[in-house]
Amino acid sequence: MTPGELAAAIHACLEECVAAGELDLESNALPEPNVERPREREHGDWATNVAMQVAKAAGLPPRDIAALLAARLAEMPGIASAEVAGPGFLNIRLAAGAAGGLARTIVKVGTDYGRGTTMAGTTVNVEFVSANPTGPIHLGGTRWAAVGDSIARLLESQGATVIREYYFNDHGVQIDRFASSLLARAKGEEAPEDGYGGQYIDDIATAVLSQAAEAGEPDPRTLPEPEALEAFRSRGVELMFAEIRASLHAFGVDFDVFTHEESLHDSGAVSRALDQLKESGALYEHDGAWWLRSTEYGDDKDRVVLKSNGTEAYIAGDIAYIRDKHERGADLCVLLLGADHHGYISRLKAATAALGYNPDSVEVIIGQMVNLVRDGEPVRMSKRAGTVVTMEDLVDAVGVDAARYALARSSVDSTLDVDLNLLASATNANPVFYVQYAHARAANVARNAAEYGIAREKAFAPETLTDETETILLGVLGEYPRVVAQAAAYREQHRVARYLEELAAAFHQWYDRCRVTPHGDEPTTDTHHTRLWLNDAARQVFANGLGLLGVGAPDRM
RNA sequence: GCCCCCGUAGCUCAGCUGGAUAGAGCGUCGGACUUCUAAUCCGCAGGUCGCAGGUUCGAAUCCUGCCGGGGGCACCA
């Protein structure tokens, strides 16, 4: 019996109580009972606080309601006991066979265990990273790559169609500075004061020169300044962006759509969007500029969209972009942005509403910064000085799995300290190995079991799974679908990681106590076959959960 | 001045949609491999959940104020 089935059973008991006149409640207002594993083992396998939740509405003491439910619940098949505890908790024990049945359920369902359909039919556009192609992905962007991809996987697991999207800003002054930095380095000069430094600038400058030579074009350095800059800009951006894409791919993150900011301007999408807003009155003219009424959505002040000099402000591209995403069929647009962008939320919502879309169709996740720490001391990263730690640096130091896991296991609300020395030297400080090891162990157990003639087909006797560690392991396994559903609903990938660590602990403890293959001359019994079911169920959940984080599940370590 | 995030064990962080005695990893100390992987397990130690009020049967969790840290408040992108 899964916790979901148990919740349904409790709900049925509530309905029966209402039908029998024992509870004075609207039957359509009954809550979906919360079923959780109690912290204390003595409190049973599962507990619900539903009696306390409905106590006020029913006008009865919580313990009385719990008693009514307990009487009915205890009669149901698969339930060993139900008793009232504390202020009105209902502690439930499952019959051994009912609890153990979960192992077979998981094995049968396989990769679908933990998947749901609550978001079926919904198309979600998830935009993340979107770093300017003026340099390699740094630590902060790496965090969003790990988090964004995992959130995308979570949404997919609940049935959504997900588009991973990267907004590629090739339009503004940052790019101009990038181009002039390339030109300066190609000429052997220092990069300009407000430009970019670092070895990669030299490398790309060199690559631009050789590309031009191969194409039979004149040396860009000999061209007049504007043409020279353009040559370095167009080729440099392409080269830089190819490098970014390659890094992301090696990191296990691939995007479905790359949108160039320039293309929104070139295609007329920007002017179309602005025309629409002018017509609807969402833009107004003042001091020679056109303003968006973003204050109506909590912004401090209205924002300029068309500057008085006739050029478009940056936000104009954003407005066209959010319209573009909706027109391409997105029901929900999720954006991951760094904490330095939190001021954008209100103007983006305002733009969305002004365009005629539901502002709730845009959801901005603000993630806090990543700090580089070395031996406990904060290290300042500077693009100009070229002291930035990049995605590749991190991967070189700890590997993709450890990097992704370390970045995904914390809430994005917390600033994150990354200590390369710590991660690289004491790799067991990263719990990913604890989880992966559990999976590898389970795989090994399965290999050994096959050698000993233990096979799932030979028996499934769930009532033999009676060791305390087996009860706990089954309990944790049962929570997985709810954890995934909530992680998806709250867009909180770290819940999956934390869950896997809990599951790994339960698995290792079980492994320590219960053998799948018989000891020495011990005869093979149904218990061994049944434990293989449990082992394989755990292995499946490790694989499913690690998959949601984009982290590998190795069979050997 | 206004807005957002954070403040929980020595360190890094969970727990925050209100529930039973606040957790994990790392670090310290002490145990456990003649049989499925010791990257593991078991035990000890470690806490005014930043501070002060409030809400209620119940607050780390919700509300208000304050303190401390980070980020943001452009006709820049």
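The values are calculated or read from the model by the stated rules, or taken from the named source; none is laboratory data. All values derive from a computational prediction rather than experimental measurement. As a convention, Cβ positions derive from the backbone with ideal geometry for all residues, glycine included, and neighbour counts pool all protein chains shown. The protein model used for the area step is the full one, side chains on, heavy atoms only, and it has no ligands, DNA or RNA in it. Shrake-Rupley method; radii C 1.70, N 1.55, O 1.52, S 1.80 Å.
Things worth noting here:
- Restricting attention to chain A, close to 50% of DSSP beta bridges with both partner residues there are antiparallel.
- Most positive-pole-ward Cα, A:SER271, A:VAL398, A:GLY135, against dipole of chain A from beta carbon charges: A:VAL398
- The helix-based estimate of mean residue ellipticity at 222 nm for chain A, built from -39,500 (n - 2.57) per DSSP H run of four or more residues and divided by its residue count, is -16500 deg cm²/dmol to the nearest 500.
- Here A:ALA455 and A:ILE366 are evaluated by their C-beta separation; at R0 = 56 Å the FRET efficiency comes out at 0.65.
- Most tightly packed first, judged by the mean number of other beta-carbon atoms within 10 Å of their residues, the peptides A:235-246, A:473-484 read A:473-484, A:235-246.
- The count of lysine pairs in chain A whose Cα atoms are under 20 Å apart, excluding pairs fewer than 8 places apart on the same chain, comes to 6.
- Shape class of region A:435-476 from the alpha-carbon gyration tensor: oblate, with a/c at 1.5 or above and b/c at least as large as a/b.
- Gyration tensor (alpha-carbon) shape descriptor, chain A, a/c threshold 1.5: oblate
- C-alpha center-to-center spacing [region A:441-512, region A:84-150] in angstrom: 15 Å
- Seen through its C-alpha gyration tensor, with square-root eigenvalues sorted a ≥ b ≥ c, region A:3-94 comes out prolate because a/c lies at 1.5 or above while a/b is bigger than b/c.
- Region A:218-267 versus region A:155-213: alpha-carbon centroid distance in Å: 6 Å
- Charge dipole of chain A (Cα centre as origin; +1 on each Lys and Arg Cβ, -1 on each Asp and Glu Cβ, all else neutral): 920 debye, rounded to the nearest 20.
- Panel values: region A:173-250, Kirkwood radius from alpha carbon pairs, Stokes-Einstein at 37 °C and 0.692 mPa s, translational diffusion coefficient 263 µm²/s.
- Net lengthening on full extension, A:ALA246/A:GLU230 (0.36 nm per residue, minus Cα-Cα): 3.4 nm
- Maximal additional length on extending the A:ARG374-A:ALA57 stretch stands at 108.5 nm, based on 0.36 nm per residue less the C-alpha distance.
- Accessible surface of region A:431-549, 1.4 Å probe, proportion on carbon and sulfur as whole %: 46 percent
- In terms of the mean number of neighbouring beta-carbon atoms within 10 Å, the peptides A:543-553, A:297-307, A:350-360 order highest first as A:543-553, A:350-360, A:297-307.
- Highest-first arrangement of A:97-106, A:508-517, A:139-148, where packing means the average Cβ count within 10 Å: A:139-148, A:97-106, A:508-517
- Segment A:GLU32-A:ARG115, length gained on full extension (0.36 nm per residue, minus Cα span): 27.9 nm
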